[in-house]
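Below is one structure, written out as structure tokens; comments come after it.
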Amino acid sequence: MRHGWVWIVGACLLVYANSLQNGFHYDDEHSVQNNIHIRDLSNIGRFFSDPATFSVDHDKGMYRPLLLVSYALNYAVGGYEVGGYHLVNIALHAANASLLWALLIAMGAGRSAALMAGLLFALHPLGSEPVNYISSRSESLAALFYLGGLWAFVLAQHRGSRAYRTLSWGCLLCGLLSKSSAITLPAVLLLYEIIVLRGATSWRLGRDVLRRHGPYWIVSFGYIALIVANRFLTTSLSKRVRGMDEQLPTQIKALAFYAKLLVWPHGLNVEHQFAVSTAGAAAVWPAVLLLISVALGLLWLQRKTKRGLLFLSCWSLVALLPVAIMPLNVLVNERRLYVPAAAFCAALALLLHRPSLRRHTLRIGGAVLVVYALLTWQRNGVWENDFTLWEDAVSKAPLMPRAHLYMGNAHKDAAFMQRAGSSQAGAHWEQARAAYRRALELQPSGELALRALNNLGAVSFVLRDVEGAERAYLRAVELNPRFADALVNLGTVYHDRGRNTSGVAGRQLLGKSVEYYRRALQQLPNHADAWANMGLAYHDMGDFAGARQAYERALYLNPRNERLLNNLGNYYAALAEQSQGAERQRNLLEARSYFQRALGLNPAYAGPRSGLQFVEDALKQLQ
């Protein structure tokens with residue numbers, strides 16, 4: 001048992017072996033795949049000062065600099081090869097499970113119980129979202145320092161080691177720089193002091209206790225001052241999505257829901273069917289009764305001097321306080337339970353090693369581990385791609401609009417990968433439109449409705465229902481005049497009309513489209529589609545200098561956009577038509593390069609195929 005971490009790491013590698021080639025998902029697009037800031041290691045310094053570097057969209061900024069460092073290192077080693085990102089996530093989860101094993105040994109739980117706790121956490125299905133969802137690395141990275149800080153604190157108290165105490169302070173700081181939820185660590189350490197070291201009998205905090213815990217609170221308040229200064233906290237508070245009259249009852253109900261997931265992690269979902277509640281809602285009262293039962297259970301543990309179980313129970317509750325207080329768009333999700341799940345697994349291991357159960361520990365514990373492993377392996381398969389993920393979500397939560405929105409996105413992306421005009425593409429477009437309409441039925445206003453309207457307009461445009469597309473975009477801009485995506489797409493509507501209208505009227509429509517693209521870029525300066533569409537509009541207007549500048553910016557922001565690459569191919573083909581000799585050949589070769597890159601990304605795309613044929617014919621004429 002001295003090398004229990006080897007068994008824990010091995011268990012993680014085995015149970016997550018089928019996750020390495022799972023894809024990127026939803027928030028990964030703006031924070032990883034299109035985030036230009038992580039593509040250059042020289043930006044690491046900016047990660048610690050500018051929350052806007054968290055995303056390609058500056059309005060989605062968050063202050064998680066160490067998370068961004070991990071993304072940047074991933075990109076430096078393997079670009080956007082998804083396996084490398086998953087490998088890091090698995091390694092973090094294995095390290096966290098090993099730290100839980102080390103923590104219980106430090107707490108004096110015994111090596112057998114510690115190994116059981118580590119294995120339970122390694123295999124618990126609630127770890128599947130932080131491992132499979134790249135953007136959820138924030139949870140496991142913060143947990144690494146959270147558990148490390150707790151482990152170092154326990155060792156410092158038992159050994160009187162200043163080095164471990166300093167390490168614990170550093171872990172708290174690193175945890176906060178990974179995700180702000182680590183801010184509950186000082187309170188958990190104080191609980192350990194009161195419950196375990198003082199036996200839950202002495203509540204007098206002497207000078208020595210203040211000296212031991214003071215630095216943690218200083219670090220925490222310093223972090224709060226920092227995120228106020230860089231506007232991360234103030235911006236987050238200004239985006240509160242509901243009042244406390246709804247937030248507290250909803251999160252009280254959520255605690256009962258979370259307890260069920262911890263004990264019986266079956267039916268996991270990326271989008272659980274869960275509704276906002278008020279204080280008088282009937283669904284809240286069972287949760288209140290559960291909380292009262294938990295409080296009575298904690299008092300019983302105190303009276304029975306079950307210090308370890310009391311501490312672990314309090315720890316799991318305290319870890320959920322930030323999401324209970326801070327209103328967020330998503331009411332409940334599984335990754336919020338990552339740290340509470342560690343406490344739960346530790347408590348379960350201690351219970352299984354009680355003297356009254358010791359004869360059955362191996363049998364019961366082994367059965368639980370097998371069930372956990374099978375559920376986790378199965379859950380990994382759901383995260384394979386957007387279709388598997390959101391089909392699962394819609395089937396389990398048909399009344400949640402976000403599930404329908406992302407199901408529509410999956411169909412939209414699939415349609416782009418089919419040959420234009422094919423029956424397969426048409427089927428995907430129709431299913432995407434139906435999914436967006438269903439999302440709007442379920443939520444006709446708000447942030448999610450904006451995205452559904454915008455995407456509905458995009459699908460209608462592709463299906464040549466231009467008037468329907470315009471109506472959807474105008475409705476989105478009416479709901480939010482600063483919604484950049486809808487502004488871009490309104491520009492596209494006028495761009496399309498301008499290309500099909502001759503003379504002065506056509507040029508006026510093209511100019512109007514450029515105005516909308518500029519309005520979008522005022523909101524999101526790094527909007528790749530706005531730059532790409534502006535380049536095409538300038539090209540159609542005959543402004544080749546403006547087109548090239550816009551195209552180059554778009555390509556920098558999104559180098560894997562096959563439509564942009566096709567447009568660049570057309571741009572250089574058009575330049576070739578206006579040039580002679582060696583310059584003509586250079587432009588044709590540039591055009592060929594862009595057409596080939598576009599086909600490499602989407603072999604079904606007809607545009608670059610015909611463009612490539614034109615280039616090859618023109619090059620033959622030069623020979």
**OP:** Could you let me know the centre-to-centre spacing of segment 355-376 and segment 541-587, using Cα atoms, in angstrom?
**Re:** 63 Å
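Need the full-extension length gain, SER445 to ARG464, defined as separation in residues times 0.36 nm minus the C-alpha distance. One decimal, nm.
The SER445-ARG464 span can extend by a further 4.3 nm.
Per 0.36 nm of contour for each residue apart, how much would the distance between ARG560 and LYS260 grow if the chain were fully extended, relative to their Cα-Cα spacing? Let's see the in-between values first.
Values: separation 300, 0.36 × 300 = 108.00 nm, distance 4.23 nm.
In short, 103.8 nm is gained.
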Original post:
So what does TRP169 come to for accessible area, using a 1.4 Å probe and Å² rounded to 10?
Top reply: 60 Å²
**OP:** Using +1 at the Cβ of each Lys and Arg and -1 at the Cβ of each Asp and Glu in the chain, identify which of ASN269, VAL323, PHE544 lies farthest towards the dipole's positive end.
**Re:** VAL323
Subject >> trypsin sites (Lys or Arg not before Pro) restricted to DSSP loop in segment 539-579 with at most 16 other C-beta within 10 Å >> reply: ARG560
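When N counts the residues of segment 301-389, how does its alpha-carbon radius of gyration compare numerically with 2.2 N^0.38 Å, as a ratio?
Details: Rg = 16.9 Å, N = 89, 2.2 N^0.38 = 12.1 Å.
Working it through for segment 301-389, the quotient is 1.39.
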**OP:** Would you work out which of ALA109, THR388, VAL488 lies farthest towards the positive end of the dipole of the chain, given +1 charges on the beta-carbon of Lys and Arg and -1 on that of Asp and Glu, about the Cα centre?
**Re:** ALA109
Original post:
Residue-wise, which Karplus ³J(HN,Hα) couplings in Hz belong to segment 496-507, taking 6.51 cos²θ - 1.76 cosθ + 1.60, θ = phi - 60°, and x for glycine or proline?
Top reply: 4, 5, x, 5, 9, 10, 8, x, 4, 4, x, 5
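Calculate, for ALA420 and THR166, the FRET efficiency according to 1/(1 + (r/R0)^6) with r their C-beta to C-beta distance and R0 51 Å; round to the nearest 0.05. Each step should come with its number before you reach the end.
Details: r = 62 Å, r/R0 = 1.21.
For R0 = 51 Å, the calculated efficiency reads 0.25.
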**OP:** Provide, for q = 0.16, 0.20, 0.21, 0.24 Å⁻¹, the log10 of I(q)/I(0) from a solvent-free Debye sum over equal Cα point scatterers in segment 510-563.
**Re:** -0.39, -0.61, -0.68, -0.87
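Any idea of the accessible area per residue across the chain, 1.4 Å probe, to the nearest Å²? Before the final figure, lay out the partial values.
Values: 27540 Å² over 623 residues.
Dividing the accessible area of the chain by its residue count gives 44 Å².
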Original post:
Short version: what are the Cα gyration tensor semi-axes of segment 418-510, square root of 5 times each eigenvalue, largest first, in whole Å?
Top reply: 24, 20, 8
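Go ahead and estimate [θ] at 222 nm for the chain from helices alone: -39,500 (n - 2.57) per DSSP H run with n ≥ 4, summed, over the residue count, rounded to 500.
Details: 29 runs with 438 residues, N = 623.
Helices in the chain give a 222 nm mean residue ellipticity of -23000 deg cm²/dmol.
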Original post:
What ranking of LEU144, LEU328 comes out by heavy-atom accessible area, probe 1.4 Å, highest first?
Top reply: LEU328, LEU144
Original post:
Computed over the Cα atoms, what is the radius of gyration of segment 529-588 divided by 2.2 N^0.38 Å, N being its residue count?
Top reply: 1.08
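Using a 1.4 Å probe on the protein heavy atoms, what percent of the accessible area of the chain belongs to carbon and sulfur?
Details: 16280 of 27540 Å².
It is 59 percent, rounded to a whole number.
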Original post:
Taking only Cα atoms, what is the 0 to 90° angle, nearest 10, from helix 361-382's long axis to the longest principal axis of the chain?
Top reply: 10 degrees
Original post:
Mind checking the angle between helix 111-123 and the chain's longest principal axis? C-alpha axes, 0 to 90 degrees, to the nearest 10.
Top reply: 20 degrees
**OP:** Kindly write out, for segment 246-259 in residue order, the coupling ³J(HN,Hα) from the Karplus curve 6.51 cos²θ - 1.76 cosθ + 1.60 (θ = phi - 60°), rounded to whole Hz, with x marking Gly and Pro.
**Re:** 9, 5, 5, x, 5, 6, 5, 5, 5, 4, 5, 5, 5, 4
Subject >> Helix 65-78 axis, angle to the chain major axis (alpha carbon atoms, nearest 10°) >> reply: 60 degrees
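Enter the mean projected area of the convex hull around the alpha-carbon atoms of segment 1-99, in nm², rounded to one decimal. The partial results should precede the final answer.
Numbers: hull surface 28.4 nm².
Over all viewing directions, segment 1-99 projects a mean Cα-hull area of 7.1 nm².
Over its Cα atoms, what ratio of radius of gyration to 2.2 N^0.38 Å does segment 77-129 give? Don't jump to the answer; show the numbers that get you there.
On the way: Rg = 13.8 Å, N = 53, 2.2 N^0.38 = 9.9 Å.
Computed over Cα atoms of segment 77-129, the ratio equals 1.39.
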**OP:** Between ALA427 and GLN549, with labels modelled 7 Å along Cα→Cβ, what's the label distance in nm to one decimal, could you check?
**Re:** 4.7 nm
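Using only alpha carbons, build the gyration tensor for the chain and give me the equivalent ellipsoid semi-axes, biggest first, whole Å. Don't skip to the end; give the middle numbers.
Numbers: eigenvalues 528, 128, 111 Å².
Semi-axes from the Cα gyration tensor: 51, 25, 24 Å.
The values are calculated or read from the model by the stated rules, or taken from the named source; none is laboratory data. It should be emphasised that the depicted structure is a prediction, and the values quoted were computed from it without experimental measurement. All Cβ positions, even for glycine, are placed from backbone atoms using ideal geometry, and neighbour counts span all protein chains on display. In case anyone asks, the SASA skips ligands and DNA or RNA and just uses the protein heavy atoms, side chains included. Shrake-Rupley method; radii C 1.70, N 1.55, O 1.52, S 1.80 Å.
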